[in-house]
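The values are calculated or read from the model by the stated rules, or taken from the named source; none is laboratory data. For clarity, every value in this text was computed on a predicted model and none was experimentally measured. A quick note on method: Cβ atoms are made from the backbone with ideal geometry, for glycine too, and the neighbour counts reach across all protein chains shown.
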Amino acid sequence: MNNENNKWLQEMGLNHPLVIAGPCSAETEEQVMNIAHQLTKTKATVFRAGVWKPRTRPGNFEGIGALALPWLQRVKKETGLLIAVEVANLNHVKLALEHDIDILWIGARTTVNPFAVQEIADALKDTQKIVMVKNPINPDLELWIGAIERLQKANIKNIGAIHRGFSTYQKTTYRNNPNWQIAIDFMSRMPNIPLINDPSHICGNREGLFDVSQMALDLNFDGLMIETHSDPDKAWSDAKQQVTPTRLHEIITDLIIKKPNFEKQEAIDSLAKLRVEINTIDDDLIAILGKRIQISKQIGLAKKEKNVAVLQPNRWQEIFENRVKKGGNLGLSKQFMEKLYKAIHQESIKVQEAVIKK
Ligand code: PEP
Ligand code: MN
């Protein structure tokens, strides 16, 4: 992203990449202060903490509420970090403004609801505060852009966006699938809106954070929001994905950060974007092969039940010819399609035999 576009980032002296860190939820005053003080030894310049927590199922910890807002004010006073909270309705906005919160963000479950977004936009009309919009939980670019347009129409100038991935019914290795292409399309459609990546909610675990963060920087994201807790395993929400401030520091230090005005930047950008497309396609390909093998297992079970042989030469010949022909129509060579389908078929037979022998 071009420097001119990051006006609020620049004016506020927020470094590239912007690092927002802090716990998923504010739990106690001691926890909040402890994490914030540790973060002063890292590159984080913004402290995040959820005080109203939207939980998928009822009965879990739903946040401390407004009582935690003075703790955040204390963070700002003692550490100089800017403070950020999630707001989901008019009342949250009022309370956040009363407590002089610097950055208000709209969560993924709220972005999906134009009524709620409009209520927040109206409550924030003409504000100088920074307002960030997370992508909606469903992969809908228009809904994400629409939420930002509602803020723009309310004359809110300091707007940012957060890419936190998208919900899928069938769980993948990610908690929320990154669908990088949507983030890339967002950048083209809204080039003036700084875009932050949230690897924590994309991964849902600690192990994936580095790679997702590096991918985001390779794609010229403007910053990262990473959930950080002094004792992650004991966190009251999202325990699996939070890291300690020490680990956060390591991640940020190890990331390779490209200079915005690097020569040949455009060539690098387009290469990085094409690589993302390939990665995304490979993820889909692997998921589909996984699904196919599961069905092969079921077929194996059915054959066992009916005492039918694993290999039916006619059926196989029919599949083979049909797939080779379909591949040919898409420019895939006969030789390649034959090799590919023989490999898939062999694996399928192996799996079925294993099921039958069991
Ligand atoms: C959060 O940032 O703690 C949060 C609730 O995220 P999301 O809206 O992305 O689920
Ligand atoms: Mn969280």
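May I ask you to verify whether V32 is modelled with pLDDT of 95 or more, over 29 Å from D185 (Cα atoms) and within 16 Å of ligand 2 (Cβ to nearest atom)?
Yes; evaluated as a whole, the condition is true for this residue.
Quick one: count up the residues across the range 296-310 that are part of a helix (DSSP H, G or I) and either surrounded by 11 or more Cβ atoms within 10 Å (Cβ to Cβ) or not assigned by TED's automatic domain parsing to the domain that holds S348 (or both). Give the steps one after another, and end with the answer.
Pass one, the range 296-310, residues part of a helix (DSSP H, G or I): 296-306.
Imposing the further condition that a residue be either surrounded by 11 or more Cβ atoms within 10 Å (Cβ to Cβ) or not assigned by TED's automatic domain parsing to the domain that holds S348 (or both) reduces the set to 296-304.
Adding up the residues that qualify gives 9.
Mind listing just one residue for me: the one in the range 239-295 that is at pLDDT below 90 and not in a helix (DSSP H, G or I) and, of those, nearest to I226 (Cα to Cα)?
I257
List pairs: first residue in the range 308-322 and aromatic (F, W, Y), second residue part of a helix (DSSP H, G or I) anywhere in the structure, Cβ distance under 6 angstrom, at least six positions apart or on different chains.
Note: pairs meeting the criteria are F320/Y341.
Quick grid of which residues meet (1) among the hydroxyl-bearing types (S, T, Y); (2) within 16 Å of ligand 1 (Cβ to nearest atom); (3) under 30 Å from R206 (Cα atoms); (4) crowded, with 19+ Cβ neighbours inside 10 Å:
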{"site": "Q128", "(1), (2), (3), (4)": "no, no, no, no"}
{"site": "N138", "(1), (2), (3), (4)": "no, yes, yes, no"}
{"site": "E142", "(1), (2), (3), (4)": "no, no, no, no"}
{"site": "L151", "(1), (2), (3), (4)": "no, no, no, yes"}
{"site": "N158", "(1), (2), (3), (4)": "no, no, no, yes"}
{"site": "I162", "(1), (2), (3), (4)": "no, yes, yes, yes"}
{"site": "Y174", "(1), (2), (3), (4)": "yes, yes, yes, yes"}
{"site": "N177", "(1), (2), (3), (4)": "no, yes, yes, yes"}
{"site": "D185", "(1), (2), (3), (4)": "no, no, yes, no"}
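Can you give me the number of residues within the range 228-252 that are polar (S, T, N, Q), under 20 Å from A84 (Cα atoms) and more than 10 Å from ligand 2 (Cβ to nearest atom)?
The qualifying residues number 3.
Tell me which residues, restricted to the range 77-117, are touching a helix residue (DSSP H, G or I) at 6+ places or on another chain (Cβ under 9 Å) and of a type in the set (V, I, T).
Across the range 77-117, the qualifying residues are T79, I83, V85, V87, V93, I101, I106, T110, T111, V112, V117.
For K171, all conditions in the list (1) in contact with a helix residue (DSSP H, G or I) (Cβ under 9 Å, 6 or more places away or on another chain); (2) modelled with pLDDT under 95; (3) under 18 Å from A108 (Cβ atoms) hold save one; what is the number of the exception?
Condition (1) is where K171 drops out.
Within the range 96-122, count every residue that is crowded, with 18+ Cβ neighbours inside 10 Å and away from ligand 1 (no atom under 11 Å from the Cβ).
11
Condition check: part of a loop (DSSP other than H, G, I, E, B), among the hydrophobic types (A, V, I, L, M, F, W, C) and not assigned by TED's automatic domain parsing to the domain that holds K273. Does A21 satisfy that?
So A21 does not fit the description; no.
Of these, G59, G80, G63, G13, which one is crowded, with 22+ Cβ neighbours inside 10 Å and not hydrophobic (A, V, I, L, M, F, W, C)?
One residue alone meets the criteria, G63.
Within the group I344, I286, I319, which residue is surrounded by 11 or more Cβ atoms within 10 Å (Cβ to Cβ), more than 30 Å from P178 (Cα to Cα) and not charged (D, E, K, R)?
From the options I344, I286, I319, the qualifying one is I319.
Checking the condition among the aliphatic types (A, V, I, L, M) and modelled with pLDDT under 95, which residue from I148, I182, I106 passes?
Step by step, each of I148, I182, I106 is checked, and only I182 is among the aliphatic types (A, V, I, L, M) and modelled with pLDDT under 95.
Please pick out the residue among I202, I182, I226, I156 that is touching a residue at least 60 places away in the same chain (Cβ under 8 Å) and of a type outside the set (K, R). Give the steps one after another, and end with the answer.
Numbers: I202 fails: touching a residue at least 60 places away in the same chain (Cβ under 8 Å); I182 fails: touching a residue at least 60 places away in the same chain (Cβ under 8 Å); I156 fails: touching a residue at least 60 places away in the same chain (Cβ under 8 Å).
On inspection, the qualifying residue turns out to be I226.
Which one of these does S213 not meet: (1) over 28 Å from Q118 (Cβ atoms); (2) more than 15 Å from the chain's Cα centre (by Cα); (3) crowded, with 21+ Cβ neighbours inside 10 Å; (4) more than 14 Å from ligand 1 (Cβ to nearest atom)?
Unmet condition: (2).
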